[in-house]
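Chemist: Below you'll find the structure I mean.
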Amino acid sequence: MIARACFGKAGRLLRKDGAAASLFLAPSLTGFAVFYIIPFAMGFVYSFQDSTIGGSFVGLHNYEALQASASFRKAAVNSLMFTGVCVPLLIVLSLWLAHVLNQKLFIRNWLQSAFVLPLAVPVASVVMIWQILFDWNGILNEWLNSFHVERMDWMKSDWSIGVLAVVYIWKNIGYNMVLFLAGLQSIPKDYYETADIEGAGKFHKWIHITLVYLTPTMFFVVLMSIINSFKVFRETYLIAGDYPHDRIYMLQHFMNNMFLSLDIQKLTAAAVLMVACILLFVSVMLVIERRFRSFMD
Amino acid sequence: MRKAFILLFTFLYMITAAACSTGAGNGNGNAAQSPQGDQTTKPPGQGETVGAPSTTEKKTVVFSTFFPDDFFKEAKQKYEALHPNITIELQSIESDDANLEAALEKFVKTTNTALLSGKGPDLIEMDQLPSGDYVAKQLLVNMSELIENDPSFKKEQYFTNVLDGITENGGIYGMPMSFFLFGLFGNKDLLEKSGVNVDDKTWTWSQFADTARELAMHTEEANQAVLGGSMPEYTLTQFVNDQYANFVDEKNGKAKFETAAFADLLAQVKSLYDDKVVSGDIRSIIFRLAQVNSPADYIREIRQSEFMPNNRDFKSKLYVKPHSDGLKPGSFFRTYKTIGLNAKSTVKAEAWDFVKFMISEEMQSGSKSTGFPIHKASYEKSAQELLKIGKVESDQPIGPMKGQMFEITQRDIDDLDWFLNHAIYPVQFKPSKIDEILTEETKAYFSGQKSAEAVAEIIQNRVTTVLNE
Amino acid sequence: MRGLALFRKLTLTLVMGVIAAAMLFPIAVTFTNSLMTEDEIGYNYHLIGKMADIGAGEKDGFINLKLLPDWISFRQYAEVLVHKPKFLHMFWNSVFLVVPIIAGQVLVASLAAYAFAKLRFWGREKLFVVYLMTMLMPFQVTLVPNYMIADKLGLMNSNSAIILPGIFSAFGVFMLRQFMAHIPYLYIEAAKMDGAGHLRIFYRVIVPLVKPGIAALVVLLFADNWNMVEQPLIFLEEAMKQPLSLYLSRINEGARGVAFAASVVYMAPMVMLFLYAESYLVEGIQLSGIKG
């Protein structure tokens, strides 16, 4: 009786599948809340406090301190440029790759493995190869030397960001390829067959079937590519240290240094800003995706 | 359906309950699994006095060091024998040489995280950690206040000049167990013969450079350098620190390395090395930078030169290292095994008592630990004992010095005493970030691989990033 | 016509083959170097990170990159697999961390993803955005809170401190939701009409249709978690519990010789996993074949 009174109104609010949804969500939500929502919320709260334990509310003070930091601005600009250029590039390349490798080529599974393998390479090996190629005494300089061009300290020049981009693409093209392949497979072949019957050309099929039905996958790939562009940090850190050349000093370096000097205030403020920016971008994508789903449903 | 609702709400309730209790910070540490002390909500700054250690309750003091150390093990045993209700738990990172860097990273990160979470060991060996940052975030107890308010702490028994030297922001945040001296061992005979004025108590690095050039004209052997054992990039870093304000404007976050002044400095240092006034070698030199670890060490270093074969023997003297302009005379020291007390510790009284025990005469005089003990009376005792024996044996395993006995005179001890009592300038255990950048980048210039402009540009670039964070 | 298709297939394969070879270059180097003796490696790479002192008359040199070892030796593998048991121990540590994470997350996330993708409930979009947001936070920020929580739950220095957060990460939920979005709602309606409850729909209809998605999830989860470094660094105190990724997260000058063989062993599971999962990844769906 009482239960019905309590849950009746809630039932109306929850709409049709509410009950089933709570059942399906329960396991994920409990663990997720404890290990992700709470730390996230705490991090968010820290950005408005002056200490992690027993701190007091200081409003936007930390954000102001952040604004005043020229290094933060430098890091933000660098990160923006790097992500803004490399992510679209990577997506185009990996989409093309998935498209090609989706067809029945010879030794297809070996070819696919070749692109996925970079994901398995440990950080130390990546760094070592990096050194072999780009060190002052490295292969690239040796090659330049044979053309009588002066050596370059690659990691301490403006080219360093190019090196980073190469490593990022090399590592993540396989990641995205796996996702696109799975996404391409999820498009029921019936649609293509129907299109064939209606006499649609290859290009038309691609734009109106493939790209459209890849929208959910694309959304995911874009977001993961952005997140992965931050992960290049570990390798960069091992090669260039805490304070690398201007071009490759990115938000992760800034945040890592803040952590090492225990400046949690600027760290969390920077993180919140970063999340807010990406979130804005994500919401736009969500709107596009919603249109797709209403179309599907 | 209803069951599902109940389930969901129960879960959500549990989550909220967990969240609330995390925020208030009043949980019981799981004694079995996490040996860190209980969490406390005592606000910082309240620990000016800690009272006497408990003699009845069972307490555990967690002491974290990077390397395992015999001195601490011995202290633990002795202290626990005296205080049966108190247990000292020693924690250190296990690693082998190959993984030292990784272990260090782990130590720094774990300690940082633990301290920021309000947990962490009660006593920490600070040598490898960014103590400056800990102090800024009020994570360590201000020991000066403890010292002032503790009647059993007799300041005059210790090298107060050293303690004053490490005072930052009006407080001592780490108690060193011992310290080393830095100086220049120089060829006394040659210097006297040359007649060049060596004013070691007041010289700066640029004055040293001038004096060195003068001395270079009086060298006895071919290719003899005035200062040896210092690589150009380190010498340059010293020179820059000498005139720090000319190159770094910390308040405004400006670095001034793309200037003629810096280029001149680079050229000056380079010419010193090209003209063999300074060299990285230590074979044929007049001065060399050295670290002195103990009275016996001092005697060995000083006397060694008097027994060089082939008529190359000479008398040595310890001279003061050059320092920045405008500072009063004093020698340089570096503390060793500095111990900090966690501001959030729940066993502060016991921990402080243990620290006092470790710097007491009992531990410091029997100490097999390296360095000059911070407990002055212990040092004086060991110096007197050494004098009584009258000589020290060389520690060279082979060569002309093997088994050689070096004499000790009161004069030697007096000279050493001057250094000890005037040790007021601390040298950091780890080089500062700017120093690291300088040494790393200028190497390329001094080895002739990069031009001065290229090097200055990179340094300017990186230092600006550091200053503006 | 047939000949043209064959020619096209051949050229494409060739082109991809060349690109693939370029991608594999670093791995090939690692592999061939793992067969070299330590001396050879020292000789080849001793110039890394050093600048010759021209002023002192040292000669300038370059690193010697050898793709084929002068002398094939399995010494490195012997070192890694036989002589130093700690290496294999760390390998199994990694396995015991990663496998539970993958198994757990596939289960938990697929359930949640179904709710997000196909069920309608209040706050669905908002909750999903919350899931997304947490993936964006860098670990330095969540480290201190995670530490506090792990301590409170008594998980310090245990594998659970790493496995549990791994299982409940938003990654799997996000990914599978995207794949489930493809499934036309009609099929769910049809199954409902046949009287199937949600759970039945889930494992009879949905799961088979997202097999490529699940395969992708397993592969990528493995890639992400096999390489994890920060979490074990902070939450595992004992050296004996460390996974392999920690050991290979730094290049140690002294251990360069063994590093190559260690890397090869490190990479092997990933390769095998992918080759196995690949068939699922390229399996297409023929919807017309599915009845109710």
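The values are calculated or read from the model by the stated rules, or taken from the named source; none is laboratory data. What you see is a predicted model, and the numbers here were worked out from it, not measured in a lab. Positions of Cβ are generated from backbone atoms using ideal geometry, with glycine treated the same way; all protein chains shown enter the neighbour counts.
Chemist: Suppose we filter B:VAL392, B:VAL463 for residues that are away from chain C (no Cβ under 14 Å), touching a residue at least 60 places away in the same chain (Cβ under 8 Å) and in a strand (DSSP E or B); which single one remains?
Modeler: Checking each option against the conditions leaves just B:VAL392.
Chemist: Could I ask something else about it? Would you point out which residue out of B:GLU385, B:GLU361, B:GLU350 is over 20 Å from B:SER64 (Cβ atoms), of a type in the set (Asp, Glu) and within 26 Å of the chain's Cα centre (by Cα)?
Modeler: B:GLU361
Chemist: Of all the residues that make up the range C:184-194, how many are in contact with a helix residue (DSSP H, G or I) (Cβ under 6 Å, 6 or more places away or on another chain) and either basic (Lys, Arg) or assigned to a loop (DSSP other than H, G, I, E, B) (or both)?
Modeler: 0
Yes/no per residue for (1) more than 9 Å from chain C (Cβ to nearest Cβ); (2) more than 27 Å from C:LEU127 (Cβ to Cβ); (3) part of a helix (DSSP H, G or I):
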| site | (1), (2), (3) |
| --- | --- |
| A:ALA20 | no, no, yes |
| A:PRO27 | no, no, yes |
| A:PHE32 | no, no, yes |
| A:PRO39 | no, no, yes |
| A:VAL45 | yes, no, yes |
| A:SER51 | yes, yes, no |
| A:GLY55 | yes, yes, no |
| A:ARG73 | yes, yes, yes |
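Chemist: So, one more: Can you tell me which residues in the range B:327-360 are of a type in the set (D, E, K, R) and in contact with a strand residue (DSSP E or B) (Cβ under 6 Å, 6 or more places away or on another chain)?
Modeler: B:ARG334, B:LYS337, B:GLU350
Chemist: Only one of C:VAL130, C:VAL98, C:VAL141 is buried (at least 23 other Cβ atoms within 10 Å of the Cβ), within 8 Å of chain A (Cβ to nearest Cβ) and not small (Gly, Ala, Ser); which?
Modeler: C:VAL141
Chemist: Tell me, please, whether a residue that is acidic (Asp, Glu) and not in a loop (DSSP other than H, G, I, E, B) can be found in the range B:395-405.
Modeler: Within the range B:395-405 (the criterion being acidic (Asp, Glu) and not in a loop (DSSP other than H, G, I, E, B)), the answer is no, since none of the residues qualifies.
Chemist: May I pose another question? Collect the residues in the range C:101-127 that are within 7 Å of chain A (Cβ to nearest Cβ) and either more than 17 Å from C:ILE162 (Cβ to Cβ) or of a type in the set (Asp, Glu) (or both), keeping them in residue-number order.
Modeler: If the condition is that a residue be within 7 Å of chain A (Cβ to nearest Cβ) and either more than 17 Å from C:ILE162 (Cβ to Cβ) or of a type in the set (Asp, Glu) (or both), then C:ALA109, C:LEU111, C:ALA112, C:TYR114, C:ALA115, C:LEU119, C:ARG120, C:PHE121, C:TRP122 are the ones that fit.
Chemist: While we're looking at this one, here's another question. Where in the range A:184-235 are the helices (runs of 4 or more DSSP H), entirely inside, with at least 3 residues that are at pLDDT 85 or above and touching a Leu at 6+ places or on another chain (Cβ under 7 Å)?
Modeler: Hits in the range A:184-235: A:215-231.
Chemist: From B:GLU57, B:GLU80, B:GLU48, grab the single residue that is more than 17 Å from B:MET126 (Cα to Cα), surrounded by fewer than 19 Cβ atoms within 10 Å (Cβ to Cβ) and at pLDDT 85 or above.
Modeler: B:GLU80
Chemist: Tell me the residue from A:TRP130, A:TRP136 that is aromatic (Phe, Trp, Tyr) and facing chain C (nearest Cβ under 7 Å), please.
Modeler: Of A:TRP130, A:TRP136, the one residue that is aromatic (Phe, Trp, Tyr) and facing chain C (nearest Cβ under 7 Å) is A:TRP136.
Chemist: Has the range A:193-200 got at least one residue that is more than 9 Å from chain C (Cβ to nearest Cβ), surrounded by fewer than 24 Cβ atoms within 10 Å (Cβ to Cβ) and of a type in the set (Asp, Glu)?
Modeler: Checked against the condition, which is being more than 9 Å from chain C (Cβ to nearest Cβ), surrounded by fewer than 24 Cβ atoms within 10 Å (Cβ to Cβ) and of a type in the set (Asp, Glu), the range A:193-200 yields at least one hit.
Chemist: Can you find, within the range B:126-157, the residue that is nearest to the other protein chains (Cβ to nearest Cβ) among those that are buried (at least 22 other Cβ atoms within 10 Å of the Cβ) and either part of a helix (DSSP H, G or I) or of a type in the set (Ser, Thr, Tyr) (or both)?
Modeler: B:TYR134
Chemist: Still on this structure, I have one more. If I filter the range B:269-287 down to residues being of a type outside the set (Ser, Thr, Tyr) and assigned to a loop (DSSP other than H, G, I, E, B), which single residue comes out as surrounded by the fewest Cβ atoms within 10 Å (Cβ to Cβ)?
Modeler: B:ARG283
Chemist: Let me ask you something else. Tell me which residues, restricted to the range A:25-66, are under 24 Å from the mean Cα position of the chain (by Cα), within 15 Å of C:VAL144 (Cα to Cα) and surrounded by 20 or more Cβ atoms within 10 Å (Cβ to Cβ).
Modeler: Correct list: A:VAL34, A:PHE35, A:TYR36, A:ILE38, A:PRO39, A:PHE40, A:MET42, A:GLY43, A:SER47.
Chemist: Just give me the residues in the range A:82-98 being touching a residue at least 40 places away in the same chain (Cβ under 8 Å) and away from every other protein chain (no Cβ under 11 Å), in sequence order.
Modeler: A:PHE82, A:THR83, A:VAL85, A:CYS86, A:VAL87, A:LEU89, A:LEU90, A:ILE91, A:SER94, A:LEU95
Chemist: Continuing with this model, one more query. When residues of the range A:125-158 are filtered for being of a type in the set (S, T, N, Q) and within 20 Å of B:ILE459 (Cα to Cα), how many remain?
Modeler: So the count comes out to 1.
Chemist: Here is a further query. Can you pull out every residue in the range B:187-202 that is buried (at least 18 other Cβ atoms within 10 Å of the Cβ) and either at pLDDT 85 or above or touching a Pro at 6+ places or on another chain (Cβ under 7 Å) (or both)?
Modeler: Answer for the range B:187-202, where residues must be buried (at least 18 other Cβ atoms within 10 Å of the Cβ) and either at pLDDT 85 or above or touching a Pro at 6+ places or on another chain (Cβ under 7 Å) (or both): there is none.
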